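What follows is calculated from the coordinates using simple rules that are stated; it is not laboratory data. Predicted model, so just to flag it, every value in this text is computed and none were measured. Positions of Cβ are backbone-derived with ideal geometry, glycine not excepted, and every protein chain shown enters the neighbour counts.
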Amino acid sequence: MRHAPPRAVRLWLLVVYAMIGAMVVIGGITRLTGSGLSMVEWHPLMGALPPLDQARWEAVFLRYQQTPQYAHVNSWMTLADFKQIFFWEYLHRLWGRLIGVVFFLPWLVFVVRRQLRGAVAWRAGGAFVLGGAQGLLGWFMVKSGLVNMPEVSHLRLAAHLSLAFVVAGWVQWLWMDLAWDTATSDASAAESTPTATRPLSSSIRWGLVGLIGLQVVYGALMAGKRAGLIFATFPDMNGQWLPDGWANGASVGSALLNNPIAIHFMHRTLAWVVLVAALAVALVAWRRSVTRRQRRLAVGLALVVSLQLILGAVTVLSHVNIWVATLHQGLALILLSVALAVAHTFRVDRTPSASSTPRSRVR
């Protein structure tokens with residue numbers, strides 16, 4: 001039987017995952033408050049402390065006053081106003097550093113003590129590499145708004161958010177491998193269960209994950225282009241189902257990536273597609289479930305995707321209220337996490353675990 005890491009490793013992975021989730025929320029607030037360009041320098045290893053006296057605050061504010069965002073959008077700001085947007089970007093970067101510390105130091109200890117070893121240790125280390133790449137990508141995104149335009153590239157923003165979801169999913173999958181691993185004795189017992197050989201197919205499971213991932217990308221494009229402010233009606237778009245001006249003479253591909261109207265239309269359309277697909281998968285998963293965990297995940301998938309659609313509608317109806325929109329972004333990560341959990345627990349090689357109860361035994 002292969003080496004099973006201790007409970008402390010699983011708890012550590014859960015803490016890291018929760019911190020990434022908090023980072024997604026902080027990032028959403030940073031974006032919605034227009035705070036992302038308030039820090040015009042990047043010191044990945046130094047600069048953890050904010051300005052501590054008036055002279056340093058004035059120096060930081062002076063550098064911000066040389067940016068396109070200040071010149072074209074925030075020229076009215078005083079130092080007191082600047083401190084408010086600086087706070088969110090500073091917290092965003094500081095939290096990223098903290099995630100790196102909370103991940104790397106325990107990982108190193110676990111490896112040295114051989115509580116993490118082999119492929120599991122390498123896979124965990126891969127999450128740290130992805131996290132470092134996320135920091136680089138974040139600065140690459142910020143740089144796009146410090147040159148000519150007073151906003152970051154919406155494409156870089158989408159890449160930045162998508163990688164955050166990838167890192168969270170990577171950590172979650174590793175945790176599920178360790179926490180939901182199948183005992184050898186249960187594998188032989190499950191072979192006699194007919195429904196255990198009828199899991200969700202790989203194409204169904206990963207098709208749903210990919211569809212939700214695409215919707216996440218379009219959510220980021222919506223934020224980057226401020227497309228959520230265009231139509232404040234639901235389910236139609238100012239009385240139309242296919243709004244005018246979605247292409248504006250551009251190619252379809254260019255419009256779907258750059259035109260705010262087309263991006264808004266795609267995000268709404270994908271929301272209905274995700275809802276139908278997720279409900280269908282939830283129904284199939286419920287019918288094919290063997291364990292209590294599988295049944296709960298099937299119900300959870302249906303509930304979360306329904307709530308996410310409602311939150312999306314409230315977001316546009318509220319003219320992108322900051323807190324509603326932030327909750328909408330945070331729930332997107334939860335939705336993807338539930339879809340990944342369904343994909344994991346309904347794998348072809350999954351069998352009921354020691355902690356799960358076969359449906360036939362449930363009364």
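Describe numerically, in nm with one decimal, the distance between label points set 7 Å from Cα along Cα→Cβ at ARG56 and at ARG347.
A separation of 4.8 nm, rounded to one decimal place.
Report, in degrees rounded to the nearest 10, the 0 to 90 angle that the Cα long axis of helix 79-112 makes with the longest principal axis of the chain.
30 degrees
Nothing charged except the Cβ atoms of Lys and Arg (+1) and of Asp and Glu (-1): what's the magnitude of the dipole of the chain about its Cα centre? Round to the nearest 20 debye. Could you put the intermediate results ahead of the total?
Details: 31 positive and 13 negative charges, 310 e Å.
The calculation lands at about 1480 debye.
Report the FRET efficiency, 1/(1 + (r/R0)^6), for ARG63 and ALA280, where r is their Cβ-Cβ distance and R0 is 51 Å, rounded to 0.05.
Given R0 = 51 Å and the Cβ-Cβ separation, E is 0.45.
By how many degrees, between 0 and 90 and to the nearest 10, does the Cα long axis of helix 292-317 differ from the longest principal axis of the chain?
Helix 292-317 sits roughly 20 degrees off the main axis of the chain.
Taking other Cβ within 10 Å of each residue's Cβ, how do TRP241, TRP286 sort, fewest first?
Working: TRP241 10, TRP286 17.
Going from least to most buried by this count: TRP241, TRP286.
Please check which bits of segment 163-180 a label hung off ARG10 would reach, taking the label as a point 7 Å along Cα-to-C-beta and the cut-off as backbone N under 11 Å.
175-180
For the chain, set up a Gaussian network in which alpha carbons nearer than 10 Å are linked by springs, and say which option among ARG114, ARG295, ARG93 fluctuates the most.
In the Gaussian network model the winner is ARG114.
List PHE103, PHE86 from most exposed to least, where exposure is judged by having the fewest other Cβ atoms within 10 Å. It would help to have the intermediate numbers written out before the result.
Values: PHE103 23, PHE86 20.
Least to most surrounded, the residues fall as PHE86, PHE103.
At what distance in nm do the modelled label points of LEU155 and ASP81 sit from each other, each positioned 7 Å from its Cα along Cα→Cβ?
So the label points at LEU155 and ASP81 sit 3.3 nm apart.
Rounded to the nearest 20 debye, what is the charge dipole size of segment 1-179 about its Cα centre when +1 sits on each Lys and Arg Cβ and -1 on each Asp and Glu Cβ? Walk me through the intermediate numbers first.
Working: 15 positive and 7 negative charges, 178 e Å.
In debye, rounded to 20, segment 1-179 gives about 860.
Please name whichever of LEU327, LEU311, ALA119 sits farthest to the positive end of the charge dipole of the chain, dipole taken about the Cα centre and charges placed at Cβ: Lys and Arg +1, Asp and Glu -1.
Projecting each Cα onto the dipole axis, the largest value belongs to ALA119.
Taking 7 Å along the Cα-to-C-beta vector as the label spot, tell me the LEU303-VAL147 distance in nanometres, rounded to one decimal.
4.8 nm
Considering the dipole of segment 3-74 built from charges on the beta carbon (Lys and Arg +1, Asp and Glu -1) around the Cα centre, which of GLY34, LEU52, PRO5 is farthest to its positive end?
About the Cα centre, the residue reaching furthest to the positive side is PRO5.
Suppose a student asked you for the relative contact order of segment 195-363, using Cα pairs under 8 Å spaced at least 6 residues apart; what percent would you report?
Values: 190 pairs, mean separation 56.6, N = 169.
The normalised contact order for segment 195-363 reaches 33 percent.
What is the fewest-to-most order of ILE322, ILE230 by other Cβ atoms lying within 10 Å of their Cβ?
If I rank by nearby Cβ atoms, fewest first, I get ILE322, ILE230.
Angle between the Cα long axis of helix 322-345 and the longest principal axis of the chain, 0 to 90 degrees, nearest 10?
Value to nearest ten degrees: 30.
Kindly state, to the nearest 0.05, the FRET efficiency for ASN238 paired with LEU108, given R0 = 56 Å and r defined as their beta-carbon distance.
Details: r = 55 Å, r/R0 = 0.99.
Efficiency, rounded to the nearest 0.05: 0.50.
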